[in-house]
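The values are calculated or read from the model by the stated rules, or taken from the named source; none is laboratory data. No experiment lies behind these values; they were computed from the predicted model shown. So basically every Cβ, Gly included, is an ideal-geometry build from the backbone, and we count neighbours across all protein chains shown.
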Amino acid sequence: MAQNKEFSLKIITGNWKFILLIIALFASVTFFVSAIIPPKYESVAEVLILQKNMDADAYRAAKSSEFAGEVLKKVIGSSDFMNGVLTSLGATSQKFGDNPEDQIKNWNDEVAVSTYINTGIIKIAVFDKEKKENKRIMEGVLAELQTNGLKYHGNENITLKKIGGPVYYTDPSFPIIWLNVLIAIISAIFFSLGLLFVSGDNKLEEQLLYSEERFVNKKPAEINFFPPQEELPVLPEEDYFASFPPKATLPEDLPVSIQKDELRETDIFPGKKEIVFPEATSEEVKARLNKLLGGKL
């Protein structure tokens with residue numbers, strides 16, 4: 001057990017720079033993403049559902065108020081209630097989209113309703129990118145409940161009373177940048193430690209950090225992206241030519257031993273006899289010339 005603890009501490013202390021690098025990376029990315037997300041401002045109000053007939057059983061009255069709260073929760077998220085609020089504000093449903101599906105989805109993202117169990121209290125929260133528009137929608141929701149509440153819940157024995165708010169928050173409720181960064185830091189710590197313990201290599205920092213530093217410090221001419229292959233040894237000139245095999249010589253028992261310039265026609269065609277013309281004497285040459293000049297040839 002002590003050895004495992006010592007090994008764990010050795011891994012952490014030996015790679016603290018790597019852990020800090022992961023933390024900085026996670027925190028910076030989270031901060032950047034959170035900063036570019038459009039903020040939303042929140043306002044909150046609470047409405048109490050009261051029973052007019054107080055002689056009724058307290059348990060039944062509480063259950064009736066709780067049931068009415070669940071009904072109102074569904075009602076506020078409906079398209080009829082949305083249109084009633086927008087009409088009172090002088091707006092149309094096109095504010096939340098071009099088709100009914102997008103309109104009701106964006107409305108429920110804008111207005112959220114929750115109930116407290118066994119209390120008959122509903123909580124209304126409005127989220128909008130603009131503080132002014134947030135206030136207008138909250139006031140429209142409360143006015144629609146108080147004016148036309150009976151039309152939606154249909155129970156004449158209950159009444160709606162605003163008991164809390166509305167409270168308009170000046171700081172954005174989403175995204176909470178500092179909370180997102182804190183979660184990113186915690187996640188980075190667990191991620192880096194898990195990576196180190198899985199690898200089990202306390203030199204992971206050196207492999208990931210110092211290898212990059214060595215690469216950056218090198219000059220471009222010193223960086224070789226193609227490692228040289230194994231080079232063949234260079235031999236001296238005499239050894240180089242000596243490495244070739246000796247020139248082949250003709251066997252002595254070959255039938256042809258005549259050189260190229262001594263070949264005769266009979267050597268190529270053995271069946272043909274060589275014709276030899278005898279050389280003429282000077283007297284014969286003179287006799288032939290006389291005959292030629294005299295026209296006898």
| note | Sole miss for PHE67 among (1) out of contact with any His (no Cβ under 8 Å at 6 or more places or on another chain); (2) at pLDDT 85 or above; (3) assigned to a helix (DSSP H, G or I) is condition (2)
| query | How do the pairs read when you match residues in region 124-142 that are touching a residue at least 40 places away in the same chain (Cβ under 8 Å) with residues anywhere that are assigned to a helix (DSSP H, G or I) and of a type in the set (S, T, N, Q), using Cβ under 6 Å and keeping only pairs 6 or more apart or on different chains? | reply | VAL126/ASN134; ASP128/ASN134; GLY140/SER88
| Pairs, please: C-beta under 8 Å, at least 6 apart or cross-chain, first residue surrounded by 12 or more Cβ atoms within 10 Å (Cβ to Cβ) and in region 144-157, second assigned to a loop (DSSP other than H, G, I, E, B)? | LEU150/GLU156; ASN157/LYS52; ASN157/ASN53
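Here are some residues: LYS132, LYS123. Which one is surrounded by fewer than 16 Cβ atoms within 10 Å (Cβ to Cβ), under 23 Å from TYR41 (Cβ atoms) and of a type in the set (Lys, Arg)?
Working: LYS123 fails: surrounded by fewer than 16 Cβ atoms within 10 Å (Cβ to Cβ).
Sole residue among the options that is surrounded by fewer than 16 Cβ atoms within 10 Å (Cβ to Cβ), under 23 Å from TYR41 (Cβ atoms) and of a type in the set (Lys, Arg): LYS132.
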| message | Cβ-Cβ distance below 7 Å, separation of 6 or more or different chains: which pairs start in region 70-82 with a residue that is farther than 13 Å from ASN148 by Cα and end on one that is of a type in the set (Ser, Thr, Tyr)? | response | GLU70/THR115; LYS73/THR115
| note | Scanning region 157-176 for residues that are in contact with a helix residue (DSSP H, G or I) (Cβ under 7 Å, 6 or more places away or on another chain) and assigned to a loop (DSSP other than H, G, I, E, B) gives PRO175
